[in-house]
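> This is the structure, below, for whatever I ask next.
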Amino acid sequence: MKHSYLTALILIAIIAVIAVGSQIIGIRLYDRIATNLLISLVLVVGLQTFMGNSGLLSFAHIGFMGLGAYTSAVLTIPAQMKGMALPDLYEFMKVVEISPLLAMLAAGVVAALVAAIVAYPLMRLSDAAAVITSFALLVVLYTVMNNWSALTNGPRTLFGLPKTTEMPIAAIVAAVVVLIALAFKESRTGKLLRASREDEVAAAALGANIPHLRWRAFILAAFIAGIGGALWGHFITSFAPKAFYLKETFLIITMLVIGGANTVTGAVAGTVLITVAYEGLRGTEATLNAASSGSGQVIGLTEIVLALAMIAVMIVRPGGLFPNREIGHILTRSRRKKEKTA
């Protein structure tokens with residue numbers, strides 16, 4: 001357990017350095033990038049709580065992010081603006097207006113409830129079937145968001161959210177989510193779930209109800225995704241359903257796979273690394289396009305490079321940068337080896 005506490009301290013210290021560093025630099029662009037990084041960290045760590053412990057890939061995570069964003073939007077857009085932002089909104093919802101922080105919690109609860117209702121039958125599946133059905137669930141959630149115009153304004157951009165997500169809030173939520181993920185990993189549910197990931201038959205023989213364990217983890221991941229979606233919504237303040245589909249799904253999964261899906265440390269490391277690379281590639285792409293003076297525009301460089309990077313990592317280091325052990329465990333073992341050789 002000592003290495004778990006050390007891991008928590010190190011990861012929270014990384015979050016603090018990102019938050020404080022962006023404030024010290026004082027450049028608005030860096031502040032936006034750092035805040036977006038911490039929001040992504042919430043989403044990636046949320047996905048890790050399910051994918052890392054169960055061993056099952058889930059595409060539906062970004063769909064729950066969308067549910068959280070829209071839930072918080074409906075609850076927080078000022079009443080005088082709802083007529084413009086959501087012209088088809090139900091009458092009883094037009095007067096509802098609560099605190100954005102309370103709405104973020106409600107967003108997580110709504111996402112968790114939807115996950116609890118729809119996911120239990122899916123948790124009986126495994127391997128390719130589970131991946132296919134999780135993608136189908138993402139398509140269902142996207143279609144609902146794209147067509148339920150009363151609550152989402154349909155495929156059009158929803159606007160009017162109060163800008164609440166500043167750096168301190170994003171950093172606090174990210175730190176809390178990291179602690180939740182580490183606590184879940186060390187809990188009985190997390191340990192049994194990882195045992196089922198390694199050998200389903202042996203885990204079942206020990207009395208593990210595997211579908212129920214996966215269901216619990218899926219609900220927790222959806223809860224975190226819902227909060228992450230609300231954080232993002234109150235950061236960007238206007239969005240459309242297309243923001244919660246394939247492009248964002250690919251980016252979040254890339255962060256987790258490259259960092260290491262089996263560890264919370266990997267989720268944090270992958271988020272930091274890919275965010276820096278993503279912003280750098282976007283800047284490079286913009287520079288190349290500006291230099292080309294309108295001819296031969298460079299399009300898709302960022303996605304291509306990230307895809308190639310993920311392929312390379314899967315070939316060279318299939319488990320990611322931190323495949324099995326948390327950073328605290330690695331440092332503890334390294335220190336013990338030095339003590340033995342001294």
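> Do any trypsin sites (Lys or Arg not before Pro) in region 133-228 lie in a DSSP loop with no more than 15 other beta carbon atoms within 10 Å, and if so, which?
Qualifying residues, ordered by number: Arg156, Lys163.
> What shape does region 2-246 have by the C-alpha gyration tensor, where a ≥ b ≥ c are the square roots of the eigenvalues, rounded means a/c under 1.5, and otherwise prolate means a/b greater than b/c and oblate the rest? Display every interim value, and only then the final one.
Values: a/c = 2.31, a/b = 1.28, b/c = 1.81.
Note, shape of region 2-246 comes out oblate.
> What is the distance in Å between the Cα centroid of region 183-252 and that of region 137-171?
That distance is 20 Å.
> Pop out the ³J(HN,Hα) list for region 163-179 in order, Karplus 6.51 cos²θ - 1.76 cosθ + 1.60 with θ = phi - 60°, rounded to Hz; leave Gly and Pro as x.
Computed from phi, the couplings for region 163-179 are 7, 10, 6, 9, 3, x, 5, 4, 5, 5, 4, 4, 5, 5, 5, 4, 5 Hz.
> Subtract the Cα-Cα distance of Met93 and Thr157 from 0.36 nm times their separation in residues, and report this length gain in nm to one decimal.
21.1 nm
> Per residue of region 36-51, in order, report the coupling 6.51 cos²θ - 1.76 cosθ + 1.60 (Karplus, θ = phi - 60°) as ³J(HN,Hα) in whole Hz, putting x for Gly and Pro.
The phi angles translate into 5, 4, 5, 5, 4, 4, 4, 5, 5, 5, x, 5, 5, 4, 8, 5 Hz.
> Could you compute the net charge surrounding Tyr120? Neighbours are other residues with a C-beta less than 15 Å from the C-beta of Tyr120; K and R count +1, D and E count -1.
Taking every Cβ under 15 Å from that of Tyr120, the sum is +3.
> So, one more: Between Ala291 and Leu308, what is the label-point separation in nm under the 7 Å Cα-to-beta-carbon projection?
1.6 nm
> For region 32-133, which chymotrypsin sites (Phe, Trp or Tyr not before Pro) are both in a DSSP coil and crowded by at most 14 other Cβ atoms within 10 Å?
Sites meeting the loop and neighbour criteria: Tyr90.
> Taking every pair of Cα atoms in region 33-108, average 1/r, invert it to obtain the Kirkwood radius, and report Rg/Rh to two decimals.
1.09
> Sort Thr157, Thr275 so the one with the fewest other Cβ atoms within 10 Å of its own Cβ comes first.
Thr157, Thr275
> Charges on Cβ only, +1 for Lys and Arg, -1 for Asp and Glu, centred on the Cα centroid of region 2-246; of Gly55, Ile132, Ala183, which one is farthest towards the dipole's positive end?
The residue sitting farthest along the positive end of the dipole is Ala183.
> Using the Cα centre of region 1-131 as origin and beta-carbon charges of +1 (Lys, Arg) and -1 (Asp, Glu), tell me which of Ile10, Leu43, Ala103 is placed farthest towards the positive end of the dipole.
Farthest along the dipole direction, towards plus: Ile10.
> Please arrange Ile299, Ile258, Ile10 by counting, for each residue, the other beta carbons lying within 10 Å of its beta carbon, fewest first. Walk me through the numbers on the way to the answer.
Values: Ile299 9, Ile258 24, Ile10 15.
Taking fewest neighbouring Cβ atoms as first place, the list is Ile299, Ile10, Ile258.
> Based on Cβ point charges of +1 for Lys and Arg and -1 for Asp and Glu, what charge dipole magnitude is obtained for the chain about its Cα centre, in debye rounded to the nearest 20?
Using Cβ point charges on Lys, Arg, Asp and Glu, the chain gives about 980 debye.
> List every residue whose amide H lies under 5 Å from the amide H of Phe322, counting only residues 5 or more places away in sequence or on a different chain, with H placed 1.01 Å from N in the peptide plane.
Residues meeting the criterion, in which the H sits 1.01 Å from N, are Gly260.
> Related question: As a footprinting exposure proxy, order Lys247, Lys82 by other Cβ within 10 Å, with the fewest listed first.
So the ranking, lowest neighbour count to highest, is Lys247, Lys82.
> For the pair Ile172/Ile315, report the inter-label distance in nm, with labels modelled 7 Å from Cα in the Cβ direction.
That separation, rounded to one decimal, is 4.6 nm.
> Assuming R0 = 41 Å, what is the FRET efficiency of Ala204 and Met84, from their Cβ-Cβ distance, to the nearest 0.05?
Using R0 = 41 Å, I get an efficiency of 0.15.
> Which of Ile315, Ile330, Ile304 sits closest to the plus end of the dipole of region 292-342, meaning its Cα is farthest towards the positive end, when Lys and Arg get +1 and Asp and Glu get -1 on the C-beta?
Ile330
> Rounded, prolate or oblate: which fits region 1-145, taking a ≥ b ≥ c as square roots of the Cα gyration tensor eigenvalues, rounded meaning a/c under 1.5, else prolate when a/b beats b/c? Could the numbers behind the result be given before it?
Working: a/c = 2.18, a/b = 1.07, b/c = 2.04.
Oblate.
No value in this document is a laboratory result; all are computed from the given coordinates. Every value quoted in this text rests on a predicted model; they were computed, and no experiment measured them. In this analysis, Cβ positions are derived from the backbone assuming ideal geometry, glycine residues included, and neighbour counts consider all displayed protein chains.
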